[in-house]
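Input: a single structure, listed below in structure tokens.
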Amino acid sequence: MLRSLLTLLIALTFSLPNLVAAAEEYWEYTFRPGDSLWNIAERYTTSANNWTELLRINNIDRTTDRTILPGTRIVIPISILKLQPTPALVIAVSGAAYLVRADGAQAVITVGTELFSGDRVVTGDRQSLRMQFADKSELQVLPNSEVVLDKLSHFQQTGMVDTRIRLNSGRVRTWVIEQKPGNHYEIKTPAAVTAVRGTDFRLSSDDGQISRTEVTEGVVAVSAGDAEKQVNDGFGIVAELGKPLPDPVKLLEAPAISDNLSPDQGTLRVAWTDLEAAVFYRYQLATDEKFDQILINGRTEDSDVRLDELSPGQYYLRIRGIDQYGLEGFDSVSRYVIQEPFDEDFYAWKNVMPTGLLFPVL
């Protein structure tokens, strides 16, 4: 018995480094004229002394270090790259959203506010914001949501970023640029983790029990427990805490939206095509095309909506269907203009004014 246990411990001892190495992630570097492992380690890693580690990992003979030809590719463990915390920048705000810093201090969010790792962002009714990360990816936090920025960093000079976000409740929409090898961009809810590559997707979390991911462009990987599913463009998935992860389902198509059907000043009445599989419809009214300034965010069972008491100006209306799983489909967006009210007294006075009436010049 003792001999068997000792044999097992010896086997584990020799296999452990391989297991650790298998779990390591790497950044690939291509040699340039004048490069050596020493100056690469000094430029990109936490210490110039890491050059010996690069020798070992890439199976390079110490005597040939200075004769490596330009164009040769080596790998560098991400764990030893220089890491620099980088804040996200708020680029649009609607309403008085606020943040809670890691030390507990609270502040109202404005355009230009810097958000750091550990910050918590909270939006209420008719409040939303959009933030931009180091790689120019963007995240929109929609009304009645709570988001925690778990990790915001990039690796100096490599251009790689590591962005990890926690959606405690509410809804977000994100636009992620194409990810470089070694980059991380993930959003975690209590029910699942969504890891993304270059994509446009929406994510919601209901009371920490259910999360819904809707991919309108690109691809994401959603994991819950030991299961992981790839969700492609045009599909969505529902993850429920403690339950098996189902297969993705196709999102509803975008409905066709009508012109303004109301003759009344200050009123917008719009209808859209009824989608057979839609249980509800989401409608959002904003004053800008990017929907950073959302005025109304509602849901209806009907295939039309009436919005009253709108001030003169330009508006954008976004409509999408919601299926039986609560997944929201593709958007239809239309632009509308609410005209200035018709001044009857002015036009009545203009019509009775004598033609050719001359006014004295002072």
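Couple of notes before you dig in:
- Given (1) of a type in the set (A, V, I, L, M, F, W, C); (2) within 30 Å of Phe116 (Cα to Cα); (3) modelled with pLDDT under 70, index of the condition Leu5 fails: (2)
- For Val249, the criteria (1) more than 30 Å from Gly95 (Cα to Cα); (2) free of Cβ contacts under 8 Å to residues at least 40 places away in the same chain hold in every case but one, which is (2).
- Tally of residues being under 23 Å from Pro312 (Cα atoms), in contact (Cβ under 8 Å) with a residue 40 or more places away in the chain and surrounded by fewer than 19 Cβ atoms within 10 Å (Cβ to Cβ) across the range 265-280: 3
- Residue check, Gly170 assigned to a loop (DSSP other than H, G, I, E, B) and over 26 Å from Glu24 (Cα atoms): no
- In the set (1) in a strand (DSSP E or B); (2) assigned by TED's automatic domain parsing to the domain that holds Arg335, Ala195 fails one condition alone, (2).
Residue-by-condition table, conditions (1) of a type in the set (Gly, Ala, Ser); (2) more than 30 Å from Glu309 (Cβ to Cβ):
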{"position": "Gly208", "(1), (2)": "yes, yes"}
{"position": "Lys229", "(1), (2)": "no, yes"}
{"position": "Phe235", "(1), (2)": "no, yes"}
{"position": "Pro248", "(1), (2)": "no, yes"}
{"position": "Ala254", "(1), (2)": "yes, no"}
{"position": "Gly266", "(1), (2)": "yes, no"}
{"position": "Leu275", "(1), (2)": "no, no"}
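- Residue within the range 167-185 that is basic (Lys, Arg), crowded, with 20+ Cβ neighbours inside 10 Å and either at pLDDT 95 or above or not assigned by TED's automatic domain parsing to the domain that holds Met131 (or both) present: yes
The values are calculated or read from the model by the stated rules, or taken from the named source; none is laboratory data. Predicted model only: the values in this text are computed from it and were never measured. In this analysis, Cβ positions are derived from the backbone assuming ideal geometry, glycine residues included, and neighbour counts consider all displayed protein chains.
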